[in-house]
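**Q** The structure under discussion is supplied below as structure tokens; questions concerning it will follow.
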Ligand SMILES: Cc1cc2nc3c(=O)[nH]c(=O)nc-3n(C[C@H](O)[C@H](O)[C@H](O)COP(=O)(O)OP(=O)(O)OC[C@H]3O[C@@H](n4cnc5c(N)ncnc54)[C@H](O)[C@@H]3O)c2cc1C
């Protein structure tokens, strides 16, 4: 079994999800190489080479990969697929965009969002917003997999893999990158934060949402949100936690003014400790919270901030 | 511009599903079924393009059992022009769905194919990307804005992990919708009546020459682990005390 992990990065830094993806790939029981495709991304290849368990780093350094467009990237990966039995990426927005395109070119039925590797061909994945766990066996000649980062330990960094430059591909010219608006934040990244404070519709306005950010800052945490809070414009889309947003599993998740719809729970119910603050004692969020406080956000959160500051 | 929209009939997002006692699957018998919410957004977008004069025909397509006709009728009532049902009682996995849509696209020759980014039952998030690959077309996934222009291109804004990304795609292309693209309309009663008379063609995977044999075998379906019951605290100070001394997360 030879697996190729697709590294996720921004041409400068490798994303932590890559380390978890390597762990998932190692559980397939064979060797693991890693692909770094980007532009002027030699530093990323160096970081990838340190990940424990990686045999070889394939570096495709070319302007065509600068913006990680699905069309040239999938062409590149398909070209490498012959040497591998499994292609593995994180179940992130980037992995979800690229891997099914790769799978279809290879005539493989992808296994999405894997949370456990049972054997080299059998995997567990959540369905119905995580309300059921399906165990599926792949009957294809190759595996194309996306792995849920929160379900696998991050691989450590004790490796010294060799880096091999590989040939690039030409741009099929199907899509053109125009712009990326990255939400600038000094806070930790949502999917790898140790603490998350998430706000919902109950916060009421974008100015009041600063209560959520203040609490996050005191705890050194990230800010998350329900779909309703994003739809209302309290906070940008990349903060959405849930079935169709980000999947998180921090040590501490504080849900403020969030009712606890199954679509939201799907994204955070694997957090170690869950705190819910909601004025409605019947809100479903209390059913999964370790500690529930039935209170008004505008009283409880300032008091919490004060007592943590004290 | 001709637009093809693929829609799936799924268990309604508000329904709590039950797992069969023998763990062979999810019991969907007698549950409320609806159009996959992301597909509803896709239908709405196509209809808006038509209302704005950017599209001249909106065709909706579903793959599934006879009852998937209800979902197609809903799309017709929202404003789609005609419908195609690829009728099958078998389980059809994303790769086979993509092959079936491709086969329909070969005869219909749409300029854009719109799909939801994921179906809320199997949560795979694959079909649109696979379809784009099979057709050799560009893909715009997780789209929260889509603007067709005169030059046969579409500018899309995509929701990505770090924020938003803008791409320009050449048509024909495949787009998959995210939640914030639009808010779907409800079909009015007169439109529901009118939809009953709109054309709905039925075909089959065999007619389209597509093998839909599942590539993944479902071995079992289980309940996720449940969390142990928590407690309600009486005050902020009690909460802080518990987090410090019991949970030890502060
Ligand atoms: C296809 C689909 C996908 C979806 N994906 C996601 C997803 O990924 N993530 C997600 O989060 N949702 C998702 N949703 C939406 C989900 O169904 C819920 O609508 C959403 O999570 C509700 O957000 P909320 O809890 O903030 O709002 P509400 O359900 O409106 O809850 C607000 C809560 O705030 C409380 N509150 C109000 N005022 C106060 C106050 N002053 N003090 C304290 N508490 C107060 C109320 O008691 C209430 O419980 C999806 C829905 C669909 C159909």
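**Q** Any chance you could check the Cα centroid distance between segment B:228-242 and segment A:41-97 for me, in angstrom?
**A** 45
**Q** I've got another one for you. Working only with C-alpha atoms, what are the Rg and Dmax values of segment A:24-160, expressed in angstrom?
**A** For segment A:24-160, the Cα radius of gyration and maximum Cα-Cα distance read 14.8, 43 Å.
**Q** What's the angle, to the nearest 10 degrees (0 to 90), between helix A:70-80's Cα axis and the longest principal axis of chain A?
**A** 50
**Q** Right, something else. Taking the mean number of other Cβ atoms within 10 Å as a proxy for protection, how do you rank A:104-113, B:188-197, A:299-308 from highest to lowest?
**A** A:104-113, A:299-308, B:188-197
**Q** Expressed as an acute angle from 0 to 90° and rounded to the nearest 10, what is the orientation of the C-alpha long axis of helix B:37-51 relative to the principal long axis of chain B?
**A** 40
**Q** Counting only other chains, what is the mean number of Cβ atoms within 10 angstrom of the Cβ of each residue in peptide B:89-100?
**A** Mean inter-chain Cβ contacts per residue within 10 Å come to 2.
**Q** Once you order the gyration tensor axes a ≥ b ≥ c over the Cα atoms, which shape class does segment B:134-214 get: rounded for a/c under 1.5, otherwise prolate or oblate by comparing a/b with b/c?
**A** Note, shape of segment B:134-214 comes out oblate.
**Q** Once you have a ≥ b ≥ c as the square roots of the Cα gyration tensor eigenvalues for segment B:184-250, tell me rounded if a/c is under 1.5, and otherwise prolate or oblate according to whether a/b is larger than b/c.
**A** Oblate, since a/c reaches 1.5 and b/c is not below a/b.
**Q** So, one more: Using the basic label-point model (7 angstrom from Cα toward the beta carbon), what is the residue B:66 to residue B:237 distance in nanometres?
**A** Placing both labels 7 Å beyond Cα along the Cβ direction yields 6.9 nm.
**Q** Per residue of B:231-238, count partner chain C-beta atoms within 10 Å of its C-beta, then hand back the mean as an integer.
**A** Average neighbour count from other chains, rounded to a whole number: 6.
**Q** Show that you can apply the helix-only estimate: for chain A, add -39,500 (n - 2.57) for every DSSP H stretch of four or more residues, divide by all residues, and state [θ] at 222 nm to the nearest 500.
**A** So the calculated ellipticity at 222 nm is -7000 deg cm²/dmol.
**Q** If you don't mind, there's one more thing I want to ask. Given the convex hull over the Cα atoms of segment B:2-245, what projected area results after averaging over all orientations, in nm²?
**A** Mean orientational projected area (segment B:2-245, Cα hull): 17.9 nm².
**Q** Calculate the mean, over all residues of peptide B:11-17, of how many other protein chain Cβ atoms lie within 10 angstrom of the residue's Cβ.
**A** 3
**Q** At what distance in nm do the modelled label points of residue B:151 and residue A:189 sit from each other, each positioned 7 Å from its Cα along Cα→Cβ?
**A** So the label points at residue B:151 and residue A:189 sit 3.4 nm apart.
**Q** Note down the Stokes-Einstein diffusion coefficient of the protein assembly as shown in µm²/s, whole number, using a Kirkwood radius over alpha carbon pairs, 10 °C, and 1.306 mPa s.
**A** Diffusion coefficient, whole number: 65 µm²/s.
**Q** Moving to a separate point now. For chain A, set up a Gaussian network in which alpha carbons nearer than 10 Å are linked by springs, and say which option among A:258, A:277, A:127 fluctuates the most.
**A** Most flexible of the set in this elastic network: A:127.
**Q** How big, on average over all directions, is the shadow cast by the Cα convex hull of chain A, in nm²?
**A** Computing the convex hull of the Cα atoms and averaging its projections yields 16.5 nm².
**Q** With each label point set 7 Å from Cα along the Cα-Cβ vector, what nm distance links residue B:32 and residue B:171?
**A** Roughly 3.7 nm, to one decimal.
**Q** Moving on. Tell me, in nm to one decimal, what length is gained between residue B:218 and residue B:52 on full extension, where the rule is 0.36 nm per residue of separation less the Cα-Cα distance?
**A** Stretched fully, the residue B:218-residue B:52 segment lengthens by 55.3 nm.
**Q** When the helix-only estimate is applied to chain B (DSSP H runs of n ≥ 4, each -39,500 (n - 2.57), divided by the residue count), what is the mean residue ellipticity at 222 nm, nearest 500 deg cm²/dmol?
**A** For chain B, the value works out to -8500 deg cm²/dmol.
**Q** Over segment B:2-245, what is the relative contact order in percent, taking alpha-carbon pairs closer than 8 angstrom and at least six residues apart?
**A** Across segment B:2-245, relative contact order equals 24 percent.
**Q** In vacuo Debye scattering of segment B:1-132, one point per C-alpha: log10 I(q)/I(0) at q = 0.09, 0.10 Å⁻¹?
**A** One equal scatterer on each Cα of segment B:1-132 leads to -0.25, -0.31.
**Q** Taking the Cα atoms of segment B:59-138, report the difference between the largest and smallest coordinate on each principal axis, in whole Å and largest first.
**A** 31, 27, 20
**Q** Any idea what log10 I(q)/I(0) is at q = 0.12 Å⁻¹ for segment A:171-310, Debye with uniform C-alpha scatterers and no solvent?
**A** -0.44
Just so you know, all these numbers are worked out from the coordinates, no wet-lab data involved. Just so you know, these numbers come straight off a predicted model, no measurement behind them. FYI the Cβ positions are ideal-geometry reconstructions off the backbone, even for glycines, and counts take in every protein chain you see.
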